[in-house]
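The structure under discussion appears below in the form of structure tokens.
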Amino acid sequence: MQITIGEHQIEFGPKRLRLSADDAAPAPYQHVGVRPVTPYIGAEISGVDLADPTSAQIDELKRALLERKVLFFRDQQHVTARQHRDFAANWGELEVHPLLDQGELPEVVRFDRGQDNPGMENIWHVDVSWQQRPPLGSVLRAIDVPEAGGDTLWSDMGNAFEALPSDIKERIDGLTATHDFTPSFGLGMTPEKLAAMQETYPPQHHPVVRTHPETGRKLLFVNSLFTTRIDGVDPDEGAQLLRRLIDQVKMPDFQVRLRWRPGTVAFWDNRATQHYACSDYFPNRRVMERVAIEGDVPA
């Protein structure tokens, strides 16, 4: 099947994907256990207490995050909000989210979803891509989870980009896209608050394909929640192209899925992934806390 985007014919249909890891075979880990969940994204981490990690463990976790993009830690029920925050701070300055409710600490965002407050994170997205400096990564801790449902999925944006047809890669090379909180967070705001927030947080224009500042890998960097248009392109063509890129993110070949348990912690590289929180657990309760680490300006 073909569709036309501007002057470009885009081919769809079965194809052989050639996925790749970010690096050659990694060096062995000596201070933490790292078990891949899929060949290219996700790893179960063992042998570390997030309440009191050693400096050698932190060094290896920094490497594991770059290599695996999402890290999963089990049996961390004892970790407090303060220890959660302090663990994330090993990666840099922490974000205080301007639009989400905090927990007992300003850096800790609490997501308490249930019958009176259904989950709303069931859309593929990058955290806070409407900021000039979207987060480097996020650390999410499960406090109360339903017996079934409420999984989270992550998609590898390096492989999503590399698996695009060559004509689309050429088309998007050098383009930017607009990222804006208004169509999501702005929906529930009064006109006065929305105007004030738009002045403080104007739309950002990030590369459609960004380069990871540490690995050097090219990454697809548009998302369903916050990307509103591709800049400098005919609106109809841009809308078709944006839909095509967003569809690329949804391919299961690039994804890993986590079944939460109380005390599970997930740590993802927000530059290299997108994520989707399944809201299939209504009316049951799901309580999570998240700490985000400040990032750089995408380039």
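The values are calculated or read from the model by the stated rules, or taken from the named source; none is laboratory data. Everything numeric in this text was worked out from a predicted model, so none of it was measured. Neighbour counts run over all protein chains shown; Cβ positions are idealised from the backbone, glycine included. Ligands, DNA and RNA are stripped out before the accessible areas are found, and what is left, the full protein with its side chains, is counted by its heavy atoms. Shrake-Rupley method; radii C 1.70, N 1.55, O 1.52, S 1.80 Å.
Spatially close Lys pairs in the chain, defined by Cα atoms under 26 Å apart and a spacing of eight or more places or different chains, total 11. Taking 0.36 nm per residue of separation and subtracting the Cα-Cα distance, full extension of the segment from MET189 to GLU214 would add 5.3 nm.
The accessible-area ordering, largest first, of the residues ASP156, ASP173 stands as ASP173, ASP156, per a 1.4 angstrom probe.
For the chain, relative contact order (Cα pairs under 8 Å, six or more residues apart, normalised by length) works out to 33 percent.
For the chain, the carbon plus sulfur part of the accessible surface works out to 49%, probe radius 1.4 Å.
Accessible surface area normalised per residue over the chain is 46 Å², counting heavy atoms of protein chains with a 1.4 Å rolling probe. The alpha carbon centroids of segment 33-100 and segment 138-177 are separated by 19 Å.
A protection proxy built from the mean count of other Cβ atoms within 10 Å ranks the segments 246-259, 60-73, most packed first, as 60-73, 246-259.
Packing around the peptides 233-239, 138-144, taken as the average count of other Cβ atoms within 10 Å per residue, puts them in this order, highest first: 138-144, 233-239. Taking N as the residue count of the chain, its C-alpha radius of gyration divided by 2.2 N^0.38 Å amounts to 1.00. With the helix formula -39500 (n - 2.57) applied to DSSP H stretches of n ≥ 4, the chain reaches a computed 222 nm mean residue ellipticity of -6000 deg cm²/dmol. Positive end of the dipole of the chain (Cβ unit charges, origin at the Cα centre): among PRO134, ILE123, VAL48, the Cα lying farthest that way belongs to VAL48. Report note on the peptides 87-93, 215-221, 192-198: ranked by the mean count of other C-beta atoms within 10 Å, highest first, their order is 215-221, 87-93, 192-198.
Counting Lys +1, Arg +1, Asp -1, Glu -1, what net charge surrounds VAL208 among other residues with beta carbon under 13 Å of its beta carbon? Result for the local shell: +3.
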